[in-house]
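To start, the structure itself, in C-alpha cells.
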Amino acid sequence: MSMDTEQLLKISLIYSYVLAATVFLGGVMGFVKAKSKASLIASSCVACGILALDYVTLEVSKFQGQLLQVLLYALVSMMFQRKYSASGGQLEEPLSGAPSGKSAFRKVKLVFFTFIFCI
C-alpha cells in the first residue's frame, strides 16, 4: 500500500498549513498574554514565509522552495536555541508563565525535530 506523489503532496500541504497556523497562534498567544507586538509581528512573518515558500515549492521550483524552507527552519531553530541559551535554560511555561527547564527542553526538542522532519 504505497502512497503516490499526489497523496504525499496533500499531506505535506496540510502539515505546512497546520505549522503556519500554529506559529501564528503562538504569536497571538504572546500578544494576548504579554502584550508583545514583536511576538505577533514575528509569528505573522514566519507564518507568511512558510506559506510563501509552499507556493515557491509548488509553482516555481521544488528544489529551490525546499532549500529555502530548510533555511527558514534553520533560522527559526537558531533563534529559539539562542533564546534558550540566553535564558540559562529556563523558558517560561506557555500558559502559566512559570519557568521550567523541562518545558524548555521540550520546546528545543520540538523545534529540532520539526527541523529534521522538514529536511
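Every number in this text was worked out from the coordinates using simple rules, so none of it is lab data. Small disclaimer: the values here were computed from a predicted structure and weren't measured. Note: ideal-geometry Cβ built from the backbone for every residue, glycine included; neighbour counts use all protein chains shown.
Looking only at region 1-10, which residues are assigned to a helix (DSSP H, G or I) and either at positive phi or among the hydroxyl-bearing types (Ser, Thr, Tyr) (or both)?
Across region 1-10, the qualifying residue is only Thr5.
Of everything in region 1-38 that's polar (S, T, N, Q) and within 22 Å of Leu71 (Cβ to Cβ), which residue is surrounded by the most Cβ atoms within 10 Å (Cβ to Cβ)?
Here the residue is Ser16.
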